Amino acid sequence: MRVCGPKIRQLREERGYSLQDLARRAELSVSYLSEIERGTKKPSLKTLERIAGALNVPREQLVEADHPRGLDLGQRLRLLREKAGLSLTQFASKVNISPSYLSEIERGNVYPALDTIKRLAEGLKVPLSVLWGQGETLGQKLRLAREEQGLTQAELAKAAGVSAGLVGQIEQGKVQPSLKTLEKLGAVLGISPCYFIADDTGVEEILHQMSAEVRCLLMDPKVQSILRMVCNCTEKELRFILNFIQLYKRSH
């Protein structure tokens, strides 16, 4: 979790609080609060909650949302659940999973399947991207593509001629695969290795320029699967698709 120390300092000063004032309100030591503001200490979620409460702002406002990693899925899930006023038991019942499993997800001890993440997002009434995170990692992209094909890690590994353990480590972000490995995995999944390593920078800006109807359509898993197929097109095939789109727009 990346807490924005300068943001805490800014909010504190806007309210006319000294370090001592905010430390007293948040029940923290002055030295510890000072280190948090300078970015030399990483507070727990509980400490972050006390600081946010003392400043009367949501905890999310104290986190650097534009950091490439930002909050992990479990931390993001917990913040959104508590913001919705749901207990672990209430939310677990709502999305049809056990409270103990939900607790393990929030603590980062387990990573749920894509279908479970979708149910969690639906239960919180937020887009899947809010939980999935901005800018998918290589491991996340591999897992998404694999699950869309209905393959287990073992099945993908066997078809690609690699070990199931390696696939698991790639998906967890523990190892960086070679290009040769990506080519093997991509061949089984029917996608280009470029899909795994493409930079997502600028995607959000493009999405903001789209109409609400188009953005909604892009959330459809079938549409996303088609878009991933485009990644494997040759230049000639891609030009044909673009020309067809232009012809269709002119005729309508």
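Does region 199-214 include one or more residues that are in contact with a Gly (Cβ under 9 Å, 6 or more places away or on another chain), under 16 Å from Leu144 (Cβ atoms) and at pLDDT below 70?
Yes: one or more hits.
Pairs needed: first member in region 139-164, within 15 Å of Phe196 (Cα to Cα) and of a type in the set (Gly, Ala, Ser); second member anywhere, buried (at least 16 other Cβ atoms within 10 Å of the Cβ) and modelled with pLDDT of 85 or more; C-beta distance under 7 Å; at least 6 residues apart or different chains.
Every condition considered, the pairs that remain are Gly139/Ile170; Gly139/Glu171; Ala145/Leu189.
Could you give me the residue pairs with C-beta distances under 6 Å whose first residue belongs to region 225-248 and is closer than 17 Å to Val188 by Cα and open to solvent by 70 Å² or more (accessible area, probe 1.4 Å), whose second residue is of a type outside the set (D, E, K, R) and modelled with pLDDT of 70 or more wherever it lies, and which are 6+ apart or on separate chains?
What qualifies is Asn232/Ile191; Asn232/Ser192.
When only residues in region 31-56 that are of a type in the set (Asp, Glu) and open to solvent by less than 60 Å² (accessible area, probe 1.4 Å) count, which is farthest from Arg12 (Cα to Cα)?
So in region 31-56, the residues of a type in the set (Asp, Glu) come out as 35, 37, 49.
Now restrict to residues that are open to solvent by less than 60 Å² (accessible area, probe 1.4 Å): 35, 37.
Details: Glu35: 14, Glu37: 10 Å.
Within region 31-56, the match that is farthest from Arg12 (Cα to Cα) is Glu35.
Among the residues of region 86-107, count how many are open to solvent by less than 60 Å² (accessible area, probe 1.4 Å) and assigned to a loop (DSSP other than H, G, I, E, B).
Final tally of qualifying residues: 5.
Before we move on, is Lys83 modelled with pLDDT of 80 or more, open to solvent by 20 Å² or more (accessible area, probe 1.4 Å), of a type in the set (Lys, Arg) and in contact with a Pro (Cβ under 9 Å, 6 or more places away or on another chain)?
Numbers: modelled with pLDDT of 80 or more: yes; open to solvent by 20 Å² or more (accessible area, probe 1.4 Å): yes; of a type in the set (Lys, Arg): yes; in contact with a Pro (Cβ under 9 Å, 6 or more places away or on another chain): yes.
For Lys83, the condition - modelled with pLDDT of 80 or more, open to solvent by 20 Å² or more (accessible area, probe 1.4 Å), of a type in the set (Lys, Arg) and in contact with a Pro (Cβ under 9 Å, 6 or more places away or on another chain) - is met.
Regarding Pro43, is this residue modelled with pLDDT under 80, under 27 Å from Val126 (Cα atoms) and part of a loop (DSSP other than H, G, I, E, B)?
It is false that Pro43 is modelled with pLDDT under 80, under 27 Å from Val126 (Cα atoms) and part of a loop (DSSP other than H, G, I, E, B).
Looking at the structure I just gave you, is Arg59 open to solvent by less than 80 Å² (accessible area, probe 1.4 Å), among the charged types (D, E, K, R) and at pLDDT 80 or above? Show your work before the answer.
Values: open to solvent by less than 80 Å² (accessible area, probe 1.4 Å): yes; among the charged types (D, E, K, R): yes; at pLDDT 80 or above: no.
Criteria not met by Arg59.
Please go through region 111-127 and pick out each residue that is under 15 Å from the mean Cα position of the chain (by Cα) and part of a loop (DSSP other than H, G, I, E, B).
Tyr111, Pro112, Ala113, Val126, Pro127
Do any residues in region 1-25 that are in contact (Cβ under 8 Å) with a residue 60 or more places away in the chain and open to solvent by less than 60 Å² (accessible area, probe 1.4 Å) have Cβ atoms under 7 Å from those of residues that are in a helix (DSSP H, G or I) and among the β-branched types (Val, Ile, Thr), where the two are at least six apart or on different chains, and which pairs are they?
Qualifying pairs under 7 Å: Val3/Ile36.
The values are calculated or read from the model by the stated rules, or taken from the named source; none is laboratory data. Please read all numbers here as calculations on a predicted model, not as lab measurements. Please note: Cβ atoms are built from the backbone with ideal geometry, for glycine as well, and neighbour counts cover all protein chains shown. Note: accessible area is taken over every heavy atom of the protein model, side chains too, but ligands, DNA and RNA are not part of it. Shrake-Rupley method; radii C 1.70, N 1.55, O 1.52, S 1.80 Å.
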